[in-house]
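K.L.:
Got a structure for you, questions after.
The values are calculated or read from the model by the stated rules, or taken from the named source; none is laboratory data. Bear in mind that the values here come from a model prediction, so they are computed numbers and not experimental data. Ideal geometry is used to build each Cβ from the backbone, glycine not excepted, and the neighbour counts take in all protein chains shown. Only protein heavy atoms, including side chains, enter the accessible area calculation; ligands, DNA and RNA are left aside. Shrake-Rupley method; radii C 1.70, N 1.55, O 1.52, S 1.80 Å.
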Amino acid sequence: MTEFPQVMINLDYLEQNVRTVMGRCADAGVSVAGVVKGATGIAECIEVFAKGGATQIASSRLEQLETAKRLDTGLPLMLIRIPMMSEAADAVRLADISLNSEITVLRELDRQAGIAGKRHGVILMADLGDLREGFWDRTELIEAAVEVETNLQNLELKGVGTNLGCYGAIQPTTEKLDELVSIAEQVEKAVGRNLEIISGGATSSYMRILDGNLPERINHLRIGEQILNAYDLEKYYGYDLSDMHSDVFTLRAEVVEVKTKPTHPVGEVGVDAFGRRLTYEDRGIRRRAIVAVGKADIGDSDNIFPEDGGIEVLGGSSDHTILDVEDAERDIKPGDILNFAVNYGAMLYLTGSANVKIRFHKSAK
Ligand SMILES: *Cc1c(COP(=O)(O)O)cnc(C)c1O
């Protein structure tokens, strides 16, 4: 079978990213769950997270925690998607800690932990406005915390957490994170002891580390993107991340056609393969190439960025990506392999696609 399309993973770069983030967070008194879901929990990547100093290995998917468990890294495993009722038994079997927002699920986790003869750690999530997971009502969160603490003997209340900047794109400002600390302190008052973990969010909250204004009591983050891809905070927020590698993952795809064609489709325009009406810019007759990789592998054509100068991604379908190569700095022909930088979306699809070969690059480029 061909080697392409291929995603090349530079484990040295990944390790350097893990160490940089862990070091900066440690300086701020913050421990970090290394979130591996963006790389579909590839075993080699999990091992690098463990080696680089993650406090826990985290994923939204139990299948990936199962890989981590098999690797026996010695680190606690954290389930960061609030568990399905139907996976409660597997959640207590595979995860040491989970994030939660429903008392009925907490009761089921407690029951399953009892059956398994285990203690399962839980973090209660507070929704601070991003409108994804979490208790909205503070009283409800505190009541759940008290019930876990006093009645659910097989659960251990580890702390509280929040998630920001995902669905609602709400920024993890110091005000928002102060609110989380205030919720934590109300819980501490209600249960009569200090909480071990106050988990202040994901990559977006790492901006507070970079700015040096993370509220004192936030002592935990759950970070994936900033380690795996290291792209968003620089691109969207202008942070200088020149000490990070944003090219841990590289897509390598093979050219299957190169021809000179019109740039505007010829005939009556309807909908594309995904039922969308697109507009096409008429730039006259130009040289174009097709690489054998498509939306099934990368999610969307604009998730990938050619490394070669003078090449532009025009679009694509499930299995084809079309490039303008009229101004390419080298002669492109069928059989050539082109390299592409990828964003988080492409990394996610590529590592999860059964049709993409995963290869590792060990020494620095
Ligand atoms: C995905 C996820 C993270 C990690 O997010 P990044 O932006 O990749 O750092 C953290 N917490 C939760 C609950 C998540 O779902």
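K.L.:
So which trypsin sites (Lys or Arg not before Pro) in segment 190-275 are both in a DSSP loop and have at most 12 other Cβ atoms within 10 Å of their Cβ?
P.N.:
Those that pass, being in a loop and sparsely packed, are ARG193.
K.L.:
Next up: Ordered by packing density, taken as the mean number of other Cβ atoms within 10 Å over each peptide's residues, highest first, how do 156-168, 110-122 rank? Please list the in-between numbers first.
P.N.:
Values: 156-168: 21.8, 110-122: 17.3.
Result, highest mean first: 156-168, 110-122.
K.L.:
Additional query: Positive end of the dipole of the chain, charges at C-beta (+1 Lys, Arg; -1 Asp, Glu), about the Cα centre: which of ALA145, LEU228, PRO215 has its Cα farthest in that direction?
P.N.:
Towards the positive end, the residue furthest out is LEU228.
K.L.:
Which listed residue (THR351, LEU323, PRO306) has the Cα farthest towards the positive end of the charge dipole for segment 255-365, taking +1 on Lys and Arg C-beta and -1 on Asp and Glu C-beta about the Cα centre?
P.N.:
THR351
K.L.:
What do you get for Rg/Rh of segment 161-218 when both radii come from the Cα atoms and Rh is the Kirkwood radius? Walk me through the numbers before you get to the answer.
P.N.:
Values: Rg = 11.7 Å, Rh = 11.8 Å.
My calculation puts Rg/Rh at 0.99.
K.L.:
THR139 to LYS69: FRET efficiency via 1/(1 + (r/R0)^6), r the Cβ-Cβ distance, R0 30 Å, to the nearest 0.05?
P.N.:
My answer for the efficiency is 0.25.
K.L.:
Would you mind checking the pairs LYS176/LYS235; LYS189/LYS235; LYS69/LYS189; LYS259/LYS357; LYS118/LYS176 and listing those with alpha carbons more than 31 angstrom apart?
P.N.:
Working: LYS176/LYS235 23 Å; LYS189/LYS235 41 Å; LYS69/LYS189 35 Å; LYS259/LYS357 27 Å; LYS118/LYS176 34 Å.
Over 31 Å Cα-Cα: LYS189/LYS235; LYS69/LYS189; LYS118/LYS176.
K.L.:
List every DSSP H helix in the chain whose Cα atoms extend 20 Å or more along the helix's own long axis and whose mean Kyte-Doolittle hydropathy is at least -1.0. Show your work: numbers first, answer last.
P.N.:
On the way: long enough: 11-27 (24 Å, -0.39); 174-191 (25 Å, -0.11).
Both cut-offs are met by 11-27, 174-191.
K.L.:
Let's see if you can work this out: charge +1 on each Lys and Arg Cβ, -1 on each Asp and Glu Cβ, no other charges. What is the dipole magnitude of the chain about its Cα centre, in debye to the nearest 20?
P.N.:
On the way: 39 positive and 57 negative charges, 148 e Å.
In total the dipole reaches around 700 debye.
K.L.:
Modelled label-to-label distance, ASN339 and THR2, 7 Å Cα→beta-carbon offset: nm?
P.N.:
Placing both labels 7 Å beyond Cα along the Cβ direction yields 2.0 nm.
K.L.:
Stokes-Einstein diffusion coefficient for the chain at 10 °C in a medium of 1.306 mPa s, Rh from the Kirkwood formula over Cα pairs: what value in µm²/s?
P.N.:
72
K.L.:
Ok, one more. So how far apart, in nm, are the two label points at ASP331 and ASP282 if each is 7 Å from Cα heading toward Cβ?
P.N.:
It works out to 3.3 nm between the two label points.
K.L.:
In nanometres, what is the gap between the two model label sites at ARG132 and ASP302, each 7 Å from Cα along Cα-to-Cβ?
P.N.:
A separation of 2.2 nm, rounded to one decimal place.
K.L.:
Still on this structure: Run the accessible area of segment 1-61 with a 1.4 Å probe and give the carbon-and-sulfur part as a rounded percent.
P.N.:
Roughly 51 percent of what the probe reaches on segment 1-61 is carbon or sulfur.
K.L.:
Separate question: How much of the accessible area of segment 184-305, in percent, comes from carbon and sulfur atoms when a 1.4 Å probe is used? Kindly include the intermediate steps, with their values, before the conclusion.
P.N.:
On the way: 2700 of 5920 Å².
So the carbon and sulfur contribution to the accessible surface is 46 percent.
K.L.:
Please give the per residue accessible area of segment 170-226, computed with a probe of 1.4 Å over protein heavy atoms only, in Å². Could you put the intermediate results ahead of the total?
P.N.:
Values: 2160 Å² over 57 residues.
Heavy-atom SASA per residue in segment 170-226 reads 38 Å².
K.L.:
Please work out the ratio of the alpha-carbon Rg of segment 14-141 to 2.2 N^0.38 Å and round it to two decimals. Let's see the in-between values first.
P.N.:
Details: Rg = 15.2 Å, N = 128, 2.2 N^0.38 = 13.9 Å.
The value comes to 1.09.
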